[in-house]
Amino acid sequence: MILQFLLLIAGLLLLIKGADWLVENSSAFARKKNVSDLAIGLTIVAFGTSAPELVVNVVAAHQGHEDIVFGNVIGSNNFNLFFILGVAGLISPLLVQQTTVWKEIPISLLAAVVLYFLVNNFFLDAEGILGRGDAVILILFFLAFLFYVYTQLKDVPSTSPVAVKEISNTRIFGFIALGLAGLIIGGRLVVENAMDIASSLGVSEKIIGITIVAAGTSLPELATSVIAAFKRNNDIAVGNIVGSNIFNIFFILGLSALVKPIGYDIVFNTDLYLLFGGTILLFLFMFLGGKRKLERWEAGVLLLLYLAYTTYLVLNEL
């Protein structure tokens, strides 16, 4: 089993490095073609930071590992909300913009609620299945969210052009190819070895997906928010998490279900309830102890809730 853990870690490292190469070199090529930073951010960077979750989910959906698909997304969202915001908020109290409080956080709650209704047979497909009809609904919500982001940012004054270091197209496309290969190979390593670890430990795929896989694929968000917190860049620290949670549900689960309809175990409803509660708690924290601010003690509450719930899940399996 030690070998499986090492291969799992290797897969996660390949996912993260592959996403980094893909974002860095795709952005460099786009800038050489005079594509705006806004367009790059909404497309290349948004895709790249969520590429680990995306690749793992597409591989897992194709191979029929349904608990990994839902465990990865729902687990990542809870990890983002409770653990990453908890750590970032302990580093520095997080003061955010008004639109984040009144729009982005409610949209992230809407994403979780829409998912809950879809998988519990309130809309198109059969109970316990996230089908292709449901996937279309999620993708449409994602497109609407992209349009909202565009309308929010289109009036932001453009920054002066930044000189782009001259890099040959051969080198750029070579690293893009390496990034894609890293994502594909890393995704397969993560899914296959997560299954082997679950089998060896005698625990469910859900536990492995919602803890190890979810935390591993959220490492880019963790690094981004922690660095932003140290630099006092609060909007990035919080916006990165809220945006990622919206992206994960609307786009990644939507695309996963387009690849193949995904069976849903109602045991994940408990994790969705936690996500509902955490998102509402974050919204309420914005008005306690400081206007639109996540104080250190509030961040500590989020972190302790995550650690307590994860401990409960693991002990319940053993």
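Of note:
- Subset of the range 80-94 that is in contact with a Leu (Cβ under 8 Å, 6 or more places away or on another chain) and open to solvent by 10 Å² or more (accessible area, probe 1.4 Å) - its residue that is farthest from Y150 (Cα to Cα): L90
- Selection count where residues are open to solvent by less than 40 Å² (accessible area, probe 1.4 Å), within 22 Å of S225 (Cβ to Cβ) and either touching a Ser or Thr at 6+ places or on another chain (Cβ under 6 Å) or of a type in the set (V, I, T) (or both), scope the range 249-299: 3
- Taking residues in the range 70-90 that are more than 12 Å from G216 (Cα to Cα) and free of Cβ contacts under 8 Å to residues at least 40 places away in the same chain, and partners anywhere that are part of a helix (DSSP H, G or I) and open to solvent by 10 Å² or more (accessible area, probe 1.4 Å), not one pair has Cβ atoms closer than 9 Å while being at least 6 places apart or on different chains.
- Taken over the range 206-238, the criterion of being farther than 26 Å from L22 by Cβ and modelled with pLDDT under 85 is satisfied by R232, N234.
- Summed over the range 54-85, the residues that are more than 16 Å from the chain's Cα centre (by Cα) and under 22 Å from L281 (Cβ atoms) give a count of 0.
- Annotation note: of L146, L180, L140, the sole residue that is open to solvent by 60 Å² or more (accessible area, probe 1.4 Å), at pLDDT 85 or above and among the aliphatic types (A, V, I, L, M) is L140.
- Residue match in the range 64-79 (condition: of a type in the set (S, T, Y), on the phi < 0 side of the Ramachandran plot, open to solvent by less than 40 Å² (accessible area, probe 1.4 Å) and outside any helix (DSSP H, G or I)): no
- Counting the residues of the range 220-248 that are of a type outside the set (D, E, K, R), touching a residue at least 60 places away in the same chain (Cβ under 8 Å) and open to solvent by 50 Å² or more (accessible area, probe 1.4 Å) gives 2.
- Helices (runs of 4 or more DSSP H) lying entirely in the range 198-299 (those with 3 or more residues that are closer than 25 Å to N121 by Cα and of a type in the set (S, T, Y)): 269-285
The values are calculated or read from the model by the stated rules, or taken from the named source; none is laboratory data. Treat the numbers as computed from the prediction; the structure is a model and nothing was measured. Counting neighbours? That spans all protein chains shown, and the Cβs are built from the backbone with ideal geometry, glycine included. Surface accessibility is based on the protein's heavy atoms, side chains included, excluding ligands, DNA and RNA. Shrake-Rupley method; radii C 1.70, N 1.55, O 1.52, S 1.80 Å.
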